[in-house]
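Each remark here refers to the structure printed beneath this line.
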Amino acid sequence: MPLLNFRDPASADPRGERIRPGILFRSAQPDPVADAATVRELYTRGIRVIVDLRSPDERGDDDWAAAEEAGITVVRAPIVPDDTDAIAGPGIASLRTSADLGRFYADLAASAPTAVADAVRAAAGPGAALLHCAAGKDRTGLLVALLLELAGVSDDKIADDYVRTATALPEILAALATRHRIALNDGAVGDEGDGVAGRPAVPAPLLQAPREAIEVFLETMRARHGSAEGFLLGCGVEAAAIDGFRAKAVAEAVAEAALPATAAAARRPAHSVTAAPQPVFSASSSPSRPAGEPHS
């Protein structure tokens with residue numbers, strides 16, 4: 001399957017209390033490229049924009065060619081530091097703990113405001129959006145966390161979504177090692193990590209999806225900026241784009257909470273139910289995946 005780690009983050013809110021399913025998706029990078037069958041499946045899910053958070057060096061020219069030919073917009077928003085001195089905390093090589101990783105996420109997001117703003121604007125536009133980086137864990141994870149926080153999803157449920165990547169990591173890391181011709185601390189290399197002189201081993205937190213990392217990211221972001229909205233406004237995201245994403249994403253039940261009871265009831269069709277999107281990716285044997293979820 002060309003898309004590993006593919007899922008709808010709304011599955012972390014299974015009753016649909018805070019976010020509407022089918023408007024936001026996340027995944028790892030296409031491997032090796034997105035073929036016509038994959039693009040048809042994405043289109044079936046309503047995905048009309050793909051936000052690629054990878055750097056130019058990570059991308060392939062044909063990764064999303066089939067999607068663009070099918071009329072899906074690809075927004076390239078590389079989350080790499082706009083200023084290499086902007087990351088004040090420990091660099092990647094210094095990461096030792098899950099909390100270090102969370103603080104690194106906060107520094108990384110703050111160091112790339114242009115890309116963050118472009119990604120949020122794309123997610124707020126028409127149709128469903130797919131966000132991805134290489135593994136679909138770090139850059140994707142922090143962006144999805146910001147968007148879910150905007151929609152009022154609790155930290156616990158944001159973390160529930162983030163840690164689901166752990167079940168897909170062995171397959172993701174194997175694909176990354178093949179694509180980029182490196183070994184990811186697989187025990188076959190020495191102190192140099194991947195056997196290339198001068199290149200450090202990949203820090204352990206980057207090879208995991210620890211719950212504490214995304215929790216510390218959210219805590220750090222709020223300590224510095226007050227909220228996801230405050231942070232995104234500081235990145236240059238327009239208030240209209242933030243309002244647009246909320247209007248698109250927030251579950252109807254939440255919107256109705258602000259209405260008088262009679263008005264809220266009038267908006268609901270009799271006997272209506274919110275249907276989950278139909279599965280179009282092959283099922284996985286993972287016991288933690290809800291029924292109908294796509295292959296990771």
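The values are calculated or read from the model by the stated rules, or taken from the named source; none is laboratory data. Note that the coordinates shown come from a computational prediction; the quantities given were computed from them, not determined experimentally. Note that we place each Cβ from the backbone using ideal geometry, even for glycine, and neighbour counts take in every protein chain shown. Just the protein is used for accessible areas: all its heavy atoms, side chains included, with ligands, DNA and RNA removed. Shrake-Rupley method; radii C 1.70, N 1.55, O 1.52, S 1.80 Å.
Kindly provide the set of residues from the stretch 31-49 that are of a type outside the set (A, V, I, L, M, F, W, C) and in contact (Cβ under 8 Å) with a residue 60 or more places away in the chain, ordered by number. Give the steps one after another, and end with the answer.
First, pick out the residues of the stretch 31-49 that are of a type outside the set (A, V, I, L, M, F, W, C): 31-32, 35, 38, 40-41, 43-46, 48.
Scanning the stretch 31-49 gives 31, 32, 41, 44, 45, 46, 48.
Having 1 or more residues that are within 20 Å of residue 240 (Cβ to Cβ) and modelled with pLDDT of 95 or more is the bar; report the helices (runs of 4 or more DSSP H) wholly within the stretch 51-151 that clear it. Spell out how you get there, then give the answer.
Details: elements: 65-69, 98-111, 113-124, 139-150.
Per the criteria, 113-124, 139-150.
Looking at 57, 52, 62, which is the one that is closer than 25 Å to residue 178 by Cα, acidic (Asp, Glu), out of contact with any strand residue (DSSP E or B) (no Cβ under 9 Å at 6 or more places or on another chain) and touching a residue at least 24 places away in the same chain (Cβ under 8 Å)?
Numbers: 57 fails: touching a residue at least 24 places away in the same chain (Cβ under 8 Å); 52 fails: out of contact with any strand residue (DSSP E or B) (no Cβ under 9 Å at 6 or more places or on another chain).
When all the criteria are applied, what remains is 62.
Can you pull out the residues in the stretch 208-234 that are part of a helix (DSSP H, G or I) and open to solvent by 40 Å² or more (accessible area, probe 1.4 Å)? Don't jump to the end; show me each part of the working.
Of all residues in the stretch 208-234, those part of a helix (DSSP H, G or I) come to 211-225, 228-234.
Scanning the stretch 208-234 gives 211, 212, 215, 219, 222, 223, 224, 225, 229, 233, 234.
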